[in-house]
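Single-structure report; data block below.
Readers should treat all values here as calculations from the given coordinates under stated rules, not as data from a laboratory. It should be emphasised that the depicted structure is a prediction, and the values quoted were computed from it without experimental measurement. Methodologically, a virtual Cβ is constructed for each residue, glycine included, from the backbone with ideal geometry; neighbour enumeration extends over all protein chains shown.
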Amino acid sequence: MSIWYKLQVSKNQHGLYALAYQMLGNQLEAEDVVQDAFIKLWERREQGGKYEKAWLYKVTRNQCLDILRRRKHAYEYQIAQVVGSDVAPSASDEVINDELSGEIGKAIKELDEPYKSLLVMREVNGLSYQVLADSLDLSLSQTKVYLHRARKQLQKSLEKAYA
Amino acid sequence: MREQSVEQQVSEELTNYFEQARQVKCPPSMKQNLYQHLGLNRTYKWFQPALAFSMVAVCSLGLVWHHQKQQDQLEQAERDMQIAMHYMQKISEKTLEDTNTLGIKPAIIVPVSKSMAQI
């Protein structure tokens, strides 16, 4: 069993890490997220299943979304704390823990969900449409449509930035 | 024209960006920490049983060698004893007259010295 598990870890660790890093923009957090996903896989190792890959990406993505949600709440809380006071929130507060820089990183970060996840999973991880659909609980046609929209949205925002 | 060049630039930069993103590797510390957390890093390396077997073999060899050495010492002592007995016999065979006639040296000291030399 541990051989099967180690094989899964070796096969998927870099892809999951790339996804988590693109979504969170922070290496340490990405590492934690990937580790948690593999711990969950270990807990369900008896169940097996042929969609391990899709399941791992789904768990990683959900965990990233949780972290992003928590970050947003923390930021909103910070804003609420400083409202009324003379101290204005600094720009760095918003991009706290964010190591991804440049126009493209920023544009990807600003994409809505599930566009961002889909785009990263397709372009960075090179996942098939079927795995993407399984990971995000979408139909195949929905996946293709969303991916097309994600590309368009990214292209548009970058063209605006470069214009 | 300008629109087309911006589009091309964006496309090129996106290609480069995704290419770089694909090169990102998960740090090995993640795997190490994960296996440590799950207790999967207790690897039984091939040399561990070999090492244990070698230890047992060395101990056994040591015991055999020690036993053999003791046996050799016993045999040597037995041989020494036999030689000593042989010369003691010779001494006891000498009569008092021999001792008186030839002196104590050939009668007792010489056989005892020979016995000691043999031992």
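For this structure, a couple of remarks:
- Residue-wise HN-Hα couplings along the stretch A:9-18, as the Karplus relation 6.51 cos²θ - 1.76 cosθ + 1.60 with θ = phi - 60° gives them from phi, are 4, 4, 6, 10, 4, 5, x, 5, 5, 4 Hz; Gly and Pro carry x.
- J(HN,Hα) series, the stretch A:103-113, from Karplus relation 6.51 cos²θ - 1.76 cosθ + 1.60, nearest Hz, glycine and proline x: 4, 5, x, 5, 5, 5, 4, 7, 5, 6, 8
- Integer Hz, Karplus 6.51/-1.76/1.60 couplings in order for the stretch A:139-144, x for Gly and Pro: 7, 4, 5, 4, 4, 5
- Net charge of Cβ neighbours under 12 Å - reference A:L154; Lys, Arg +1; Asp, Glu -1: +3
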